[in-house]
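Participant: Structure provided below as structure tokens; questions to follow.
The values are calculated or read from the model by the stated rules, or taken from the named source; none is laboratory data. All of these numbers come straight from a predicted model, not from anything done at the bench. Positions of Cβ are generated from backbone atoms using ideal geometry, with glycine treated the same way; all protein chains shown enter the neighbour counts. Heads up: the accessible areas ignore ligands, DNA and RNA and are worked out on the full protein's heavy atoms, side chains in. Shrake-Rupley method; radii C 1.70, N 1.55, O 1.52, S 1.80 Å.
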Amino acid sequence: MRTGRLEAFSDGVIAILITIMVLELKVPLSAPKFGDLEPLLPIFLSYVMSFVYLGIYWNNHHHLFQVVDRVNGRILWANLHLLFWLSLIPFATGWMGENSFAPATVALYGVKLLQIAILRAPGGNRVLADAIGRDFKGKTSLILYSAAVALSFLSRTAACAVYVLVALIWLIPDPRIERALATQVQDDRDKTD
């Protein structure tokens, strides 16, 4: 089957997750001054970090499906597995923000990110596997997430800095998939000429 329905469903789920997260930002009704917003800073910072992560996952998901023509049951279940872990982002974000980045909350946030990173493996798609190559960014992310989870009990600031570092690594889309796709298209044209 074609990828359109899977992509549309995934886009919808990610949009709902972002909406759920923003609805958790409660407006202080009796706080009309900017200084009164200070207690909300941890909640807002956790929201920003999670929004960026959801944006990165949505972007990467889109790029992955540029090199996939068809999906099967295995891919559908793998995508649902990914969406399950993504669906925990609002919970982990809320728990971390509401508890001012307490060590256990920062660790759970990292475990969730680690699970999602494990799911990024390219699978059996030849174009995707060629594009990813040795997947330096993916492997580095796994190592950094694991380190941040352990570090969260020693220094939650350092652990959060590692999460931000990984987000920065992925913020710039990886052009390898687009290059591989362009190469495949050109190879297919050369074969038909």
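Participant: Just one of the numbered conditions (1) closer than 16 Å to TYR109 by Cβ; (2) open to solvent by less than 50 Å² (accessible area, probe 1.4 Å) is not true of GLU24; which one?
Facilitator: (2)
Participant: Can you spot a residue in region 51-67 that is modelled with pLDDT under 90, of a type outside the set (Ser, Thr, Tyr), in contact with a Phe, Trp or Tyr (Cβ under 9 Å, 6 or more places away or on another chain) and more than 22 Å from ALA117 (Cα to Cα)?
Facilitator: Scanning region 51-67, I find no residue that is modelled with pLDDT under 90, of a type outside the set (Ser, Thr, Tyr), in contact with a Phe, Trp or Tyr (Cβ under 9 Å, 6 or more places away or on another chain) and more than 22 Å from ALA117 (Cα to Cα), so the answer is no.
Participant: Of the residues that make up region 85-101, is at least one loosely packed, with under 14 Cβ neighbours inside 10 Å and of a type in the set (Phe, Trp, Tyr)?
Facilitator: no
Participant: Residues in region 5-12: is at least one open to solvent by less than 70 Å² (accessible area, probe 1.4 Å) and either touching a Lys or Arg at 6+ places or on another chain (Cβ under 6 Å) or not in a helix (DSSP H, G or I) (or both)?
Facilitator: Among the residues of region 5-12, not one is open to solvent by less than 70 Å² (accessible area, probe 1.4 Å) and either touching a Lys or Arg at 6+ places or on another chain (Cβ under 6 Å) or not in a helix (DSSP H, G or I) (or both), which makes the answer no.
Conditions tested, residue by residue: (1) at pLDDT 75 or above; (2) assigned to a helix (DSSP H, G or I).
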| position | (1), (2) |
| --- | --- |
| GLN115 | yes, yes |
| ALA121 | no, no |
| VAL127 | no, yes |
| ALA131 | no, yes |
| ALA147 | yes, yes |
| PHE153 | yes, no |
| ALA158 | yes, yes |
| ILE169 | yes, yes |
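Participant: Still on this structure, please answer the following. Kindly check whether there is at least one residue in region 39-47 that is polar (S, T, N, Q), assigned to a helix (DSSP H, G or I) and surrounded by 15 or more Cβ atoms within 10 Å (Cβ to Cβ). Walk me through how you get there before you give the answer.
Facilitator: Within region 39-47, the first condition is being polar (S, T, N, Q), and the residues that meet it are 46.
From what's left, assigned to a helix (DSSP H, G or I): 46.
Now drop any that are not surrounded by 15 or more Cβ atoms within 10 Å (Cβ to Cβ), which leaves 46.
Yes: region 39-47 contains one or more residues that are polar (S, T, N, Q), assigned to a helix (DSSP H, G or I) and surrounded by 15 or more Cβ atoms within 10 Å (Cβ to Cβ).
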